[in-house]
Amino acid sequence: MTGRLAKSAYRYSYVTLRRLLLLYLHILDELGELFFSRKRPVFSRPHKIIVSEIGHIGDLIFSTPVFSIIKNNFPDSHIYALINPVAQPLLEGNPYIDGILTYDHFRLSRNRVCFFKKMYRTIREYGALKNHLRVGGFDLGLDLRHFYPTTIQLLVLGGVGFVAGFGNRGHGYLLDKKLSLCPDLHEVEQKVHALAQLGLRVPPKEHIKLQIYLEEEVEDKIRKLLSSSGIDANWTICVIHPGCGQRARLWTNEGWARVADFLVKQSIQVIFTGGNNEKSLIQDIKNILGPKNHCLDLSGALSLKELMALIKLADFFMGLESAPSHIAAAVETPVICLYSGTTRTNQWKPWGGRVFVITKELACAPCYNPLGCRLMSCLRDIKAEDVIEIIKKEILPKPKKSRGNV
């Protein structure tokens, strides 16, 4: 009982502090509009562009179509990306990007260091980036985040000629072009719509594709890893990633075990993936399965690039509302994704063709509380049979996806 009360108090304090932060940012913007004024430049054909998305991996995946669209509109321009350092592998090898800058903001950092070290790193990187931007001479800065924190102030102080962004979470008064949010759009469409508001030609919805580029050497490395683990390239492979960044969004271990057991009985090779901090979670699932589960555990063994390659080579993927699910959609691997009701599913679900989202529609959803509630019925009421039904209906009858050089 004491533990439950502590968790409830933590959720309450989190929500209260979040509301206070939003109120502070709103007051700051109102005062800025009243007392701050500067000559607004006119948007013209830019030669050097910086696109900022310092959010998590999934946020950056949603932003990948933006770079090719900008390049198609301004073929002679040089495009740079300002991103969270953990997401950098996503943009390596992207032919539309000329350079990558990183910014590890303390509010978004998942480094396991104390708060003060995160703050110190943020302040140090902020100063270095501001100087770099000033020297770089950027004509256009586009901030794609509509959540706190953004880099609007950094882009302005860095001397970027024309700065555009949503500005609904602070520093909107500094923008040369304030972009409007469309609440009914998926996040991918939202970011593409931002370009349309700047007058760029954008493709129709059905032609917008996520863009991730993988080197052949990384894929070859994964093929060799699977071969050395006794997995034949012609087997049907399912990658399961049962972890995510928020504990409230975890499904039940028993549910994952029942689904994995079903797959094994269908002669499907199951591969579990996860970070070092998810090893115990996967071990618990394997313990439920028993010693003869024949599942391969690669938790903590893969880099982000290697995880991307493995998911690309798999026949289908299962996970939660986390980065690997979005990676699966980006590399066009069929994905079954279990979603909670903490966010709007239609806004944040993986973007792609064969994406199957499972959630429980409840009156309280979406609650917009990343910490969730005590029951989390929107997710934990999903039964293993619900997932198995989707596998039977949407995955098993379909032929294997093309495996390229496998």
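Can you find a residue in the stretch 312-320 that is within 24 Å of the chain's Cα centre (by Cα), assigned to a helix (DSSP H, G or I), under 25 Å from Ser227 (Cβ atoms) and touching a residue at least 60 places away in the same chain (Cβ under 8 Å)?
Yes.
Across the stretch 78-118, what is the total count of residues that are out of contact with any helix residue (DSSP H, G or I) (no Cβ under 8 Å at 6 or more places or on another chain) and of a type in the set (Phe, Trp, Tyr)?
2
Looking at the stretch 147-194 only, could you name the residues that are touching a residue at least 40 places away in the same chain (Cβ under 8 Å), charged (D, E, K, R) and not in a loop (DSSP other than H, G, I, E, B)?
Result: Lys177, Glu187, Lys191.
Within the stretch 64-83, identify whether any single residue is among the hydroxyl-bearing types (Ser, Thr, Tyr), crowded, with 20+ Cβ neighbours inside 10 Å and within 24 Å of Ala328 (Cα to Cα), and answer yes or no.
yes
Tally the residues that are closer than 23 Å to Asp220 by Cα and polar (S, T, N, Q), restricting the search to the stretch 306-326.
Summing the residues that are closer than 23 Å to Asp220 by Cα and polar (S, T, N, Q) in the stretch 306-326 gives 1.
Give the stretch 232-248 a look and list any residue that's surrounded by fewer than 21 Cβ atoms within 10 Å (Cβ to Cβ) and over 16 Å from Val270 (Cα atoms), or say none.
Once the filter is applied, which keeps residues that are surrounded by fewer than 21 Cβ atoms within 10 Å (Cβ to Cβ) and over 16 Å from Val270 (Cα atoms), the stretch 232-248 yields Gly245, Gln246, Arg247, Ala248.
Go through the stretch 332-351 residue by residue and tally those that are over 14 Å from the mean Cα position of the chain (by Cα), farther than 18 Å from Val259 by Cβ and assigned to a loop (DSSP other than H, G, I, E, B).
Qualifying residue count, the stretch 332-351: 4.
So in the stretch 227-246, with the set limited to residues that are outside any loop (DSSP other than H, G, I, E, B) and touching an Asp or Glu at 6+ places or on another chain (Cβ under 7 Å), which one is nearest to Phe272 (Cα to Cα)?
Cys238
What tally of residues in the stretch 265-306 results from selecting those that are assigned to a helix (DSSP H, G or I), in contact with a Cys (Cβ under 7 Å, 6 or more places away or on another chain) and of a type in the set (Val, Ile, Thr)?
Adding up the residues that qualify gives 0.
A quick yes/no check of all residues on (1) under 26 Å from the mean Cα position of the chain (by Cα); (2) surrounded by 15 or more Cβ atoms within 10 Å (Cβ to Cβ):
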| position | (1), (2) |
| --- | --- |
| Glu215 | yes, no |
| Leu250 | yes, yes |
| Val264 | no, yes |
| Gly300 | yes, no |
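Among the residues in the stretch 321-333, are any more than 30 Å from Leu181 (Cβ to Cβ) and in contact (Cβ under 8 Å) with a residue 24 or more places away in the chain?
Yes, the conditions are met somewhere in the stretch 321-333.
Could you check, for the stretch 267-286, whether at least one of its residues is charged (D, E, K, R) and touching a Gly at 6+ places or on another chain (Cβ under 8 Å)?
Yes: one or more hits.
Please state which of the following conditions Glu321 fails to meet, knowing it meets all the rest: (1) modelled with pLDDT of 95 or more; (2) in contact with a strand residue (DSSP E or B) (Cβ under 7 Å, 6 or more places away or on another chain); (3) closer than 25 Å to Asn276 by Cβ.
(1)
The values are calculated or read from the model by the stated rules, or taken from the named source; none is laboratory data. As the structure is a computational prediction, the values presented were derived from the model and not from experiment. FYI the Cβ positions are ideal-geometry reconstructions off the backbone, even for glycines, and counts take in every protein chain you see.
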